[in-house]
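Report on the following structure.
Here, each number is a calculation from the coordinates, and none is a lab measurement. Given the structure is predicted, the values throughout are model-derived calculations rather than measurements. Note that we place each Cβ from the backbone using ideal geometry, even for glycine, and neighbour counts take in every protein chain shown.
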Amino acid sequence: MLAILRRDFRSYFNSPIAYVLIGLFICIMSLFFVDSLNAGVANFSSNFISSMSFMLLFIVPILTMRSFSEDKKSGTEVLLLTSPVRLSQVVLGKYLAATAVFLVLTAVSLVFPLVLLIYGKPDGATLFSAYLGFILLGMVFISVGVFASSLTENQIVAAIITFVSLFTLTSFSYIGSYVGGLVGKVLNWLAFMEKYYEFSAGIIDITSIIFMLSFAVVFVFLTVRILERKRWSQG
Amino acid sequence: MKMDFFRKRSFKYGSYSVVMTVVVIAVIVMVNVILGFSGISKRLRFDITRNKMFSISQQSIDMVKSLDRDVEIFILSSESSYSNIMVKEVVNQYVVHGNGRVIGPRYVDLDKDPTFISKNFDPDQVKGINTGDIVVRSGKNMRVLNNQDFMEVSYDYYGGAQVTGLKVEQAFTSAIRSVTAEKTATVYFVSGHGEYKSDELSQLKTTLTLNNYNVETLTLTSPVPGEVDVLFFPSPTSDLLGSELENLLAFLERGGDAVFLFDVQSTIQQLPNFNDAFSRYSLQLNYDLVNEFSQANYLKENWMIRPMVYMTDVTKHLNPDQLFIYLPMSRSIGLLSENKQNLEISPLFGTTDNSTSVDLNTGAQRFGPFLLGALSELEIGLNNHSRIALVGNCTFITDDYISELGDNGSRYIVSILNWMQERTDEVLVPAKSLERPPLNMTQQSRVLVFFLLTAVIPLVIIGTGLFVWIRRKNL
Amino acid sequence: MIEIQNLTKDYGKIRALDDVSFTVEKGEIVGFLGPNGAGKSTTMNIITGFISSTSGTVRVAGYDVLENPVEVKKHIGYLPEQPPLYPDMTVSEFLDFCAELKKVPRREWKSQKKDIMELVKVTHVSHRLIRNLSKGYRQRVGLAQALVGSPEVLILDEPTVGLDPKQIIEIRKLIKALGKKHTIILSTHILPEVSAVCDRVIIINKGRIAAVDTPENLSRKLSDFSRFTITVAGPEKRVREILQGVDGVKEVSVGGKPAEDETSFIVEADKDRDVRRPIFNQLAAAGYPILELKSMNLTLEEIFLQLTTTEAKEAV
């Protein structure tokens, strides 16, 4: 598992893709960060908070599109699946590699709180909680992306599936309020954005943490099942 | 054939795999459903903000813990579109600490269920209710809270409003207290001396009811019954009879409270018996009309006084914006010099130095400042007080006035009654100031940081990427 | 070392493998011979645990591939038809990754890596990106990958495909050398490759095993025309006389009459004599054309007809 994690992680950083993603993320988020600078307030503006999550909708598909698609295409899938490593470990390795890149991106984005810290006295606990929410949201999104990547060998298709799924996922609360009833309740329950906003406001909800991690686990697990099924498939 | 299919390995392993997938996912979903929809989740939330934005004070916790009846909280909005995190969290806190007494929040989407309000709420108690408002209900009592109730607003000199803090907790604690108040005190409106009639004071009565006061009427011809707490005199125009005075004094001497409001009278009528009663509290009602000349303190006419409102126990629980009161055509209140022990007088309303009064009997003119209202508290025995309020105006609580200039006056009256009843509906915790820690940057460093963040750092990162890529490309 | 019993694999309604059974002993080099699409890759994918079988068992080093996939995989080095390479890695990085994947102890790996790279002759390209390597080198890196962790069993799917003749000879030598330490299954559709490398050949066609034998026996079988059918245009009686008159023919019987003036005969001849030429000459002299002549060992021949029998064709 560690071998796959390390390889994929290096692969991201041996190509320009990770650098470009991180660079663009910082650049675009800076434009929203200016709100705080101009207002002279040492906290993240609500625009900044929502843009962070919005950016993930674009970053994650690009990050995860190669996870399995690339291996399927280049034939290295055979190498992974015929080496003495459990399938679950292969999937976990790939998932954690994408997550690790995302964490690097998150770490680089700590320049923003750093600026607040240098020039003011921000509420550290709330910033921490906002970042916790961001990381959890990222982990959820990446699990969806890795799953989508296991469905197809075409990277672009994988990215599009991921983007559409994530977009749907994030609009659950809107849909939920239209639908109403039990479906609406379920959709509300799945509304990650609400949970993310709670974190960013400084509320740490253990059930939300468990929920988001469970969601990621379910999708990683489903990815394992998809790859397994392929080996049992009749056609 | 069938058996053959079942014996097939793909079926065996395939179905095993499907069953296992379903089981694992079902277990995970179950755990989350149990966590999410049971009460546990509410206790697993932690407010880690620096000034505990989403937590409630011990005072409120003690209050909900001691509740002996159920309180329901309705949010008149669909759950997903209600975005006031602070309200959600604070309500959650009440629910968590309420030992099951605080129920909710129940989201009511009025678009989907437009008859909900008329079916479930008493129309008198929820006047002017709107989507997004919150109803706190216990039994038949209910209180409506809206966003204005949650904001602490301060006014600058020109009347511009600015939100300086949030007092969601204060609003909820006071609402819960008021709807669950066990004993509602009764205010007796005294009649028989040309006072305002009931239908001229209907707004005030509604406000009193909403604040858990029963409203009854009473004459003083017979001794005041023992259950009476407060007498209310809405501008008597004729004097008390001797027997009435005796009944009043007897009531006051056993620790009764009374509110006296007197309008300026066109017929010059002396009220010696009333003044006799006031003198025991070192107060005196003057027979005059006060005019204010300081520009900030009157509205258009000199007699439409915007008095200085003194900060007292009465004003403690009122919003600053509720202190905007206009007193049209007022009489002044005199302070008798004799200093009595066991007596504490506090001014309520006053005029500036730049004011005059004309005695309606003699035409004599006096110069301000004048007192337009005062409280007097007489200690009668151990822990027993008789409190009176005397205000030289009653117009400001009439329906006519309220429809034109707002109901701050009746709120003020409620506040006086609360003080007399030693009711602390309001919560003493200060409003939560909005977390806005300042960023001390010079313009120069702001530009520098902006440049660093938008250009230098991204370019360095992307440049590193290109460097690594190009270097490896030709390996 | 490898025991395969009644292996069957269905892709939907298509049966890719049908009741395949064979065993490979320790130290053997076994060639898997068959035309494209015969089921060679499917068999190999099943042995390596990449795909599952519909029924049947595969045991490698005593472990069942279904029950103990990780143990089985530990014993196998696999080079699939398309070498599984990450183009964005250097050879050295890639092999390190494989070693990590196969859990080769670090201390051993350093020297093993050196040995493997020298063995497959990629030492001088070890710091180049796989993307930038030629096909031959990529194939070698693929082979190196299979050798990582020195597994007891090597499974090589078409290891020489796409290489130039010189490279083919090198790779074959290499495989031959590896055979001393490893049990090897290699698949090919090139006939001479088998005889050059393998101890034993398994011929597979349309998902079934057609023959299992040594390369020598197989080539003998291939040239065995001791029993064949011949269809001749001419009067039955006359032709039979001519056939019986050929030296070495032991028995002639009529097999059927495809047309009015055509007759099929089943001819049995001495084992070590090829009677086809004299038969041709005599029938030609008599003016009766041979319409068809084919060995009774039909399946084998059919397979061979589909195989590449010369190297030149494929190697260019």
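Between the amide H of C:ALA210 and those of C:ILE203, C:ILE204, C:ASN205, distances stay under 5 Å, these residues lying 5 or more places away or on another chain, with hydrogens modeled in the peptide plane.
Under 27 Å of direct C-alpha separation, and excluding same-chain neighbours fewer than eight residues apart, C:LYS271 reaches these lysines: C:LYS221, C:LYS237, C:LYS250, C:LYS257, C:LYS294. Database remark: amide H of C:TYR78 closer than 5 angstrom to the amide H of C:ILE155 (H placed geometrically; neighbours at sequence offset of 5 or more, or on other chains; Pro and chain starts carry no H).
Less than 13 Å Cβ to Cβ from B:LEU327, Lys/Arg counted +1 and Asp/Glu -1: what total charge do the surrounding residues give? Walk me through the numbers before you get to the answer.
Values: positive: B:ARG306, B:ARG331; negative: B:ASP263, B:GLU292, B:GLU301.
Overall, the nearby charge balance is -1.
So which of A:LYS73/A:LYS195; C:LYS103/C:LYS173; B:LYS473/C:LYS9; A:LYS185/A:LYS230; C:LYS102/C:LYS173 end up more than 31 Å apart, counting from Cα to Cα? Flagged as over cut-off: A:LYS73/A:LYS195; B:LYS473/C:LYS9; A:LYS185/A:LYS230.
Out of the trypsin sites (Lys or Arg not before Pro) in region C:1-97, which ones are loop residues according to DSSP with at most 16 other C-beta atoms within 10 Å?
On the way: sites: C:LYS9, C:LYS13, C:ARG15, C:LYS26, C:LYS40, C:ARG59, C:LYS73, C:LYS74; in loops: C:LYS13, C:LYS26.
When the trypsin sites (Lys or Arg not before Pro) of region C:1-97 are filtered for loop state and at most 16 Cβ neighbours within 10 Å, C:LYS13, C:LYS26 remain.
Counting 0.36 nm for each residue step from C:SER195 to C:SER253 and taking away their Cα separation leaves a gain of 17.3 nm. As a proxy for reagent exposure, ranking B:ILE40, A:ILE175 by other Cβ atoms within 10 Å from fewest up yields B:ILE40, A:ILE175. Our coupling estimate for region B:417-422, obtained by passing each phi through the Karplus curve with A = 6.51, B = -1.76, C = 1.60 and θ = phi - 60°, is 4, 4, 5, 5, 7, 6 Hz, Gly and Pro reported as x.
Each Lys and Arg Cβ is given +1 and each Asp and Glu Cβ -1; about its Cα centre, chain B then shows a dipole of about 4440 debye.
Between B:ALA26 and C:LEU66, the FRET efficiency from the beta-carbon distance, with R0 = 35 Å, is close to 0.85.
Across the options A:MET1, B:LEU201, A:PRO61, the greatest Cα extent toward the positive end of the charge dipole of the protein assembly as shown (unit charges at beta carbon of Lys, Arg, Asp, Glu) belongs to A:MET1. Annotation: the antiparallel percentage among DSSP beta bridges lying fully within the protein assembly as shown is about 70. In order along region B:454-465, phi translates into HN-Hα couplings of 7, 10, 5, 4, x, 5, 4, 5, 5, x, 4, x Hz, rounded to whole numbers, per the Karplus curve 6.51 cos²θ - 1.76 cosθ + 1.60 with θ = phi - 60° and x for Gly and Pro.
Of all DSSP beta bridges confined to region C:103-257, the antiparallel ones make up roughly 50%.
Taking the charge dipole of chain B about its Cα centre, with +1 at Lys and Arg Cβ atoms and -1 at Asp and Glu Cβ atoms, the residue from B:LEU35, B:ASN383, B:SER294 reaching farthest to the positive side is B:LEU35. Pairs of Lys residues in region B:49-184, spaced 8 or more positions apart or belonging to different chains, with C-alpha separations under 29 angstrom: 23 in total.
Helix-only estimate, please: 222 nm mean residue ellipticity of the protein assembly as shown, summing -39500 (n - 2.57) across DSSP H runs of length 4 or more and dividing by its residues, to the nearest 500. Intermediate results must be reported in sequence, preceding the final value.
Details: 40 runs with 469 residues, N = 1026.
So the helix-based figure for the protein assembly as shown works out to -14000 deg cm²/dmol.
Dipole orientation for the protein assembly as shown: of the candidates A:LEU151, C:VAL125, A:LEU213, C:VAL125 has the Cα lying most toward the positive pole (charges on Cβ; Lys, Arg +1; Asp, Glu -1). Give the aspartates and glutamates reachable from A:LYS94 as a straight Cα distance under 20 Å; neighbours fewer than 8 places away on the same chain don't count. Qualifying aspartates and glutamates at Cα under 20 Å: A:ASP8, A:GLU70, A:ASP71, A:GLU77, A:GLU153, A:GLU228, C:ASP88, C:GLU93, C:ASP96, C:GLU100.
Model label sites at B:LEU241 and B:GLU422, defined 7 Å from Cα along the beta-carbon direction, differ in position by 3.5 nm. The local environment of C:PHE94, defined by Cβ-Cβ distances under 10 Å, has a net charge of -2 under the rule Lys, Arg +1 and Asp, Glu -1.
Hey, fewest Cβ within 10 Å first, where do C:LYS173, C:LYS237, B:LYS205 land in order?
Numbers: C:LYS173 12, C:LYS237 8, B:LYS205 18.
Ordered from fewest to most neighbouring Cβ atoms within 10 Å, C:LYS173, C:LYS237, B:LYS205 come out as C:LYS237, C:LYS173, B:LYS205.
Shape verdict for chain C, please, from the Cα gyration tensor: rounded (a/c under 1.5), prolate (a/b greater than b/c) or oblate. Note, shape of chain C comes out prolate. Around the amide H of C:THR90, modelled in the peptide plane, lie the amide H atoms of C:ILE130, all under 5 Å away and 5 or more residues distant in sequence or on another chain.
Given charges of +1 on the Cβ of Lys and Arg and -1 on the Cβ of Asp and Glu, with all other atoms neutral, how large is the dipole of the protein assembly as shown about its Cα centre, in debye to the nearest 20?
Values: 102 positive and 105 negative charges, 1357 e Å.
That gives a dipole near 6520 debye.
Label-to-label distance, A:ILE156 versus A:TYR174, with points set 7 angstrom from Cα along the beta-carbon direction: 2.7 nm.
Within the set of other residues whose C-beta is less than 12 Å from the C-beta of A:GLY133, count the net charge using Lys and Arg as +1 and Asp and Glu as -1.
On the way: positive: A:LYS195; negative: A:GLU194, A:GLU198, A:ASP205.
Surrounding charge for A:GLY133 is -2.
Looking at chain B, which longest stretch skips every one of the GluC sites (Glu not before Pro) that is in a DSSP loop with at most 14 other Cβ atoms within 10 Å, leaving the sites themselves out?
Numbers: sites that count: B:GLU182, B:GLU227, B:GLU338, B:GLU422.
Result for the longest clean stretch: B:1-181.
Globularity index of region B:324-384 is 1.39 (Cα radius of gyration / 2.2 N^0.38 Å, N = number of residues). Would you mind telling me the antiparallel percentage of the DSSP bridges in chain C, rounded to 5? Bridges in chain C that DSSP calls antiparallel: roughly 65 percent. In this structure, the residue pairs whose Cα-Cα separation is over 25 Å, taken from A:LYS72/C:LYS113; C:LYS121/C:LYS166; C:LYS40/C:LYS73, are A:LYS72/C:LYS113.
Could you put A:ILE59, A:ILE142 in order, starting from the residue whose Cβ has the fewest other Cβ atoms within 10 Å?
Values: A:ILE59 21, A:ILE142 29.
In increasing order of surrounding Cβ atoms, one gets A:ILE59, A:ILE142.
Listed values for region B:82-91 are Karplus-derived 3J(HN,Hα) couplings in whole Hz (6.51 cos²θ - 1.76 cosθ + 1.60, θ = phi - 60°), namely 8, 10, 6, 4, 5, 4, 4, 5, 5, 4, and x replaces Gly and Pro.
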